[in-house]
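Reviewing the structure listed below.
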Amino acid sequence: MGKYIINGGNKLMGEVSVSGAKNSVLPILAATVIGENKSTIFNIPNLRDVEIMESILLSLGCTVKRTGNIMEIDSKPLNQIVVPEELVREMRSSIILMGAMLSRTGEVVITYPGGCEIGPRPIDLHLKALRSMGAIIEESHGQLYCKTEGLKGCDIQLDYPSVGATENIILAAVKAKGTTVIRNAAREPEIIDLQNYLNKSGAKVSGAGTSVITIEGVKELKDVTHTIIPDRIVAGTLMVASTITGGDIILNNIIVEHLLGTIAKLKEAGALIYTNGNSLKVAGPRKVNSIEMIQTLPYPGFPTDMQAQMMALLSIANGTSIICETVFENRFKHGEELIRMGANIKIFGRVAVINGVKELTGAKVTAKDLRGGAALTLAGLVAKGTTEVQNIYHIERGYEDFHITLQNLGADIVKID
C-alpha cells in the first residue's frame, strides 16, 4: 500500500491545469457500450477508477486503445453479459453499466457495487426505474440477473435526485421504445456532459441540468468524438490547498459556474478569488475565518465531495464552524484522523462541530475514502512537522498524480510505494 510523506509549512504557489472529471468519464465510458459504435474521448484522467472501467470494457469484449489522455473504444465486438465481480466490487460507478447493457444486449449479470465506505448507497431507485421500463431483475447470492424483451419509455418520478439512478435511466432509455421522462432528476454538470456525448452520437436527450430530463428512444448510434469536462472536485480541492496554506494558485481549464458553491464558502473563509474566463486565482488569507454552517446538498448546493476538504480547512479557522452532511450518513471518517493531528472536532451523527485550533501537528493517519484522503493530505500541507498519509490508493481513485501536482506548486510531499 502506498503512502504520502508530507513536511508541512510551505505556501503553495503557481499555476495548474485541471484534469478531466472522474464523475463524467465513468458514465460516458459505460455509455460507449450502447451503440455498437466507435468513441474517441479526449481529456481522460489517469485514475485507478478509469483503469477499472477500462478493464470492465475489455472483459465485455470491447476493444480499447489508450494514448495519453485519449481513449478510443470500439464496442461492436462486445460479446459478454457478465460484468466481472472483482472489478464491480472495487468501484461503485460500475452499476451504471446495468442501464447501458440492458440497452445494448437486453441482458446483464452484475454484482452489488463497492467503492468508498461512506455509508449505504442503496440502488433501489435504479432497480425500481429499470423495472418500470420493462426489465426483469432477480437477485441471488449478491448477483443481479437482469433481462428484458425490450425496454419501453415511461414516466419516472425519482424519490431523490440520485446521480447514479438518473444516469442509469438515461443509458437504458437511449434505445428504448418511445419516450422516457425523468422527474426530480439529478442536475449535476456531469449529467449534462453525458447528454452531450450521447447527443453527438445520435441520441435524443434533452433537459440535463434541470430536474426534468426527456429521452426519445432511437434505433442506432453513430461514431462519436467527445472531450470530458474539467473535474470540479479536483479544482475545489486545489482551491482549498491554496486557502489552507495561505498560498496563491492559478487554476486553468475550469468551468467557473460548476464551482460557485465552493467559491462562496472559500470566500466566507477569507480567501480572495478572482475569475477570468476558464481560469481563476485563489489567494489564501493570513488567518482562516470560521464558517457558521456548511450543509451538503445535491447540485447546485454545496457538494458532499468537498465536505472533507473544508473540514480540514476549518480545523485551523478562527472560531467555531458547523458542517451538516445530508447526502451520505457515514462521511465523517476523516474527522477522527484529523483529531490525531490535533484538530478539535465533535461529531454528532450527521453534524460535525469544528473548533479551530492554532496549528495542526504531523501524525500517521489513514485515508478511509477518496475525499477524506485528500483532506488529510491538505491538513498535512499546513501541519507542523511530518505527516504520513497511508492507504493512498483511495486518493488515486480520483486524483491524477496528486503528489506531483502539489510538488509542482511547492509542497514538500513524496509518494512511497
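Observations
- Matching residues, the stretch 193-212, being in contact with a helix residue (DSSP H, G or I) (Cβ under 9 Å, 6 or more places away or on another chain) and of a type in the set (V, I, T): V205
- Within the stretch 325-353, the residues that satisfy the criterion of being free of Cβ contacts under 8 Å to residues at least 60 places away in the same chain and crowded, with 19+ Cβ neighbours inside 10 Å are E325, V327, F332, H334, G335, E337, L338, M341, A343, I345, A352.
Here is a yes/no grid of residues against (1) outside any loop (DSSP other than H, G, I, E, B); (2) on the phi < 0 side of the Ramachandran plot:
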site	(1), (2)
G9	no, no
V33	no, yes
E36	no, no
T40	yes, yes
I44	no, yes
R66	yes, yes
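- Selection of the stretch 68-90 for residues being in contact with a helix residue (DSSP H, G or I) (Cβ under 7 Å, 6 or more places away or on another chain), part of a loop (DSSP other than H, G, I, E, B) and within 27 Å of H394 (Cα to Cα) yields V83, P84.
- The stretch 374-397, residues that are in contact with a Gly (Cβ under 9 Å, 6 or more places away or on another chain) and among the small types (G, A, S): A374, A379, G380, A383, G385
- Any hit, the stretch 267-274, residues being touching a strand residue (DSSP E or B) at 6+ places or on another chain (Cβ under 9 Å), in contact (Cβ under 8 Å) with a residue 40 or more places away in the chain and not hydrophobic (A, V, I, L, M, F, W, C): no
- The stretch 152-239 holds strands (runs of 3 or more DSSP E) entirely within its bounds, and those carrying 3 or more residues that are touching a residue at least 24 places away in the same chain (Cβ under 8 Å) map to 155-157, 179-183, 212-216, 224-227.
- Just one of the listed residues (T214, T148) is farther than 30 Å from L266 by Cβ, of a type in the set (S, T, Y), surrounded by fewer than 22 Cβ atoms within 10 Å (Cβ to Cβ) and in contact with an Asp or Glu (Cβ under 9 Å, 6 or more places away or on another chain), namely T148.
- Filter result (of a type in the set (S, T, Y), surrounded by 18 or more Cβ atoms within 10 Å (Cβ to Cβ) and part of a strand (DSSP E or B)) within the stretch 354-389: T366, T387
Rundown of residues vs (1) buried (at least 22 other Cβ atoms within 10 Å of the Cβ); (2) in contact (Cβ under 8 Å) with a residue 40 or more places away in the chain; (3) of a type in the set (D, E, K, R), yes/no style:
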| position | (1), (2), (3) |
| --- | --- |
| P45 | yes, yes, no |
| T67 | no, no, no |
| E86 | no, no, yes |
| R89 | no, no, yes |
| I96 | yes, yes, no |
| V108 | yes, no, no |
| Y112 | no, no, no |
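- In the stretch 104-125, the qualifying residues are those that are part of a helix (DSSP H, G or I) and at pLDDT below 95, and the one that is farthest from G217 (Cα to Cα) is D124.
- When the residues of the stretch 297-312 are filtered to those that are in contact with a strand residue (DSSP E or B) (Cβ under 7 Å, 6 or more places away or on another chain) and closer than 16 Å to V353 by Cα, the one that is surrounded by the fewest Cβ atoms within 10 Å (Cβ to Cβ) is Q307.
The values are calculated or read from the model by the stated rules, or taken from the named source; none is laboratory data. Quantities reported herein were computed from a predicted structural model and do not represent experimental measurements. Cβ coordinates were reconstructed from backbone atoms using ideal geometry, including for glycine residues, and neighbour counts include every protein chain displayed.
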